[in-house]
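Notes follow the structure.
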């Protein structure tokens, strides 16, 4: 006899709205926005059905979408969050905080984000979502990566990030596809699915449960979820967990390049983009402030590299987990590792010392197979 098990999606969107409140305040707020402070490569912004190429000083509003190809872009919100969208990313800004709008909600279709939050007040929220998950943060630095067809990767550098599955608010009717035992296991797993990641921790996701949540979200509204799809996902004893991970020197350095410019400059630029505004744009100021801050960050990264005192291939390889050869345009070759790169500047830690090189100084960089035999600094 055909049995019907009615599965309530345990973690309703309304639950997450009360937790993270993403997109919950649709109050008209012309200060709600994020300013492009830096970019490289081919960046496209879609806004109100129109596409344009990104420029320094552009203001991204709630509902806008950014697609990066071979490039990256840094944005700073009115509230002060710094968001770096890396290569091959597709990002929808469902909400952006403003003076009277408390939430920033970033939806990742695919790609890789690096986010530095400000310390949020009560009632304010910053969340990053994927089709299956929501990550809520308060004053932190973290990365969120999603390849299409895979599970999200979340890694925390500073602070804490709360991650949970995001499921459809509709009821799920499953005909004989899930036994009572598996139904109870699934309910328990979803009820206990939240994890809080702290510095040096990364998210571990059960791919079967991730796929099930995706099917629920994508197919339940269209009544297209089949018994075969459900019954094929039987490994549901675990959902989300966390594990220890190493924050590499390169990751630490990149986080330090998430530099902010003065809130006054950001506010003026957003104000200048209001309808009928007579405010003067701040593009030149944005470029100058960001260049000064990123050079300050790169100088500090170089100083920290020099403090390690590493001067041979083995030590450099062990520290950075990579060994590269940097071929300069003048014919010189450096053996070491690229520690950081932002804009046209590379920080290179080589056996000859630590250098700041411009892109014009470098012909190409190649990975080098590490050999135990070391070369002393010249």
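Figures for the structure shown
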| quantity | calculated |
| --- | --- |
| Residue selected from region 51-72 under the condition modelled with pLDDT of 95 or more and loosely packed, with under 13 Cβ neighbours inside 10 Å, by the criterion farthest from residue 290 (Cα to Cα) | 51 |
| Residue match in region 312-323 (condition: in contact (Cβ under 8 Å) with a residue 60 or more places away in the chain and under 23 Å from the mean Cα position of the chain (by Cα)) | yes |
| Residue within region 252-262 that is surrounded by fewer than 16 Cβ atoms within 10 Å (Cβ to Cβ) and over 22 Å from the mean Cα position of the chain (by Cα) present | yes |
| All strands (runs of 3 or more DSSP E) inside region 142-207 with 1 or more residues being modelled with pLDDT of 85 or more | 153-158, 161-165, 195-197, 201-205 |
| Filter result (at pLDDT 80 or above and more than 16 Å from residue 154 (Cβ to Cβ)) within region 208-219 | 208, 211, 214 |
| Of all residues in region 321-333 being surrounded by fewer than 21 Cβ atoms within 10 Å (Cβ to Cβ) and touching a strand residue (DSSP E or B) at 6+ places or on another chain (Cβ under 8 Å), the one that is nearest to residue 250 (Cα to Cα) | 322 |
| Extreme residue, nearest to the chain's Cα centre (by Cα), among residues of region 344-356 that are surrounded by 19 or more Cβ atoms within 10 Å (Cβ to Cβ) and without any contact (Cβ under 8 Å) to a residue 40 or more places away in the chain | 346 |
| Any hit, region 259-279, residues being outside the structural domain of residue 100 (by TED's automatic domain parsing), within 17 Å of residue 345 (Cα to Cα) and in a loop (DSSP other than H, G, I, E, B) | yes |
| Checking residue 328 against (1) touching a helix residue (DSSP H, G or I) at 6+ places or on another chain (Cβ under 8 Å); (2) under 25 Å from residue 72 (Cβ atoms); (3) modelled with pLDDT under 95, the condition it does not meet | (3) |
| Options 303, 307, 328: the member that is over 29 Å from the mean Cα position of the chain (by Cα) and free of Cβ contacts under 8 Å to residues at least 24 places away in the same chain | 307 |
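The values are calculated or read from the model by the stated rules, or taken from the named source; none is laboratory data. This one's a predicted model, so the numbers in the text were calculated from it and none came from an experiment. Cβ atoms come from the backbone with ideal geometry, glycine included; neighbour counts cover every protein chain shown.
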